[in-house]
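What follows is a set of notes on a single structure, which appears directly below.
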Amino acid sequence: EGQVGSDGTFAIFAAPEFGIRAMARVLLNYQRLHGINTIAGIIERWAPGFENKTAAYIAHVSQVLGISPEMPFNVETRLAELIKVIIKHENGQQPYSDELIKLGLRMAEEPIVYA
């Protein structure tokens, strides 16, 4: 929802809240569907080593969240924090307000409607 195109590798969204929504759904599915509930597991899947410096990425997320890379945690309860640090790591900044992040998270909770 909200995807307006692709750059050939990544989706392009009409507005940031749609990208946040998509990110939230993906991260929640890592835990709900695949049982991935550690920072190491999440980042290894989100940002594989053939595209990223995954070890540094994991260390950054772990430091910011204050969670050991291999320690299981409830992704849903830390989702806003996780999304913020991923955005910052991916873009070098995290320009979105807490309200915009919350909007994207609320949108992620809504059922998908197929027309």
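The values are calculated or read from the model by the stated rules, or taken from the named source; none is laboratory data. Worth saying up front: this structure is predicted, and the values here are computed from it rather than measured. We place every Cβ from the backbone using ideal geometry, glycine too, and count neighbours over all the protein chains shown. SASA here: full protein model, heavy atoms, side chains in, ligands and nucleic acids out. Shrake-Rupley method; radii C 1.70, N 1.55, O 1.52, S 1.80 Å.
The table for this structure:
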quantity	calculated
Per residue accessible area of segment 9-83, 1.4 Å probe, in Å²	53
Accessible area of Ile67 in the full protein assembly, 1.4 Å probe (Å², nearest 10)	10
Degrees between helix 79-91 axis and first principal axis of the chain (Cα, 0 to 90, nearest 10)	90
Global geometry of segment 60-109, whether rounded, prolate or oblate, following the gyration tensor of its Cα atoms and the 1.5 cut on a/c	oblate
Max mean-square fluctuation residue, GNM over the chain, Cα-Cα springs under 10 Å, options Lys84, Lys102, Lys53	Lys53
Percent carbon-and-sulfur accessible area, the chain, ignoring ligands, DNA and RNA, probe 1.4 Å	53
With DNA, RNA and ligands ignored, accessible area of Ile43 (1.4 Å probe; Å², nearest 10)	0
Nearby lysines by direct alpha-carbon distance to Lys102 (threshold 24 angstrom, same-chain neighbours under 8 apart not counted)	Lys84, Lys88
At q = 0.17, 0.19 Å⁻¹, base-10 log of I(q)/I(0) for the chain (Debye sum, equal scatterers on each alpha carbon)	-0.86, -1.08
Low-density loop cleavage sites - GluC sites (Glu not before Pro) in segment 20-88, where at most 14 other Cβ are within 10 Å (DSSP)	Glu51, Glu70
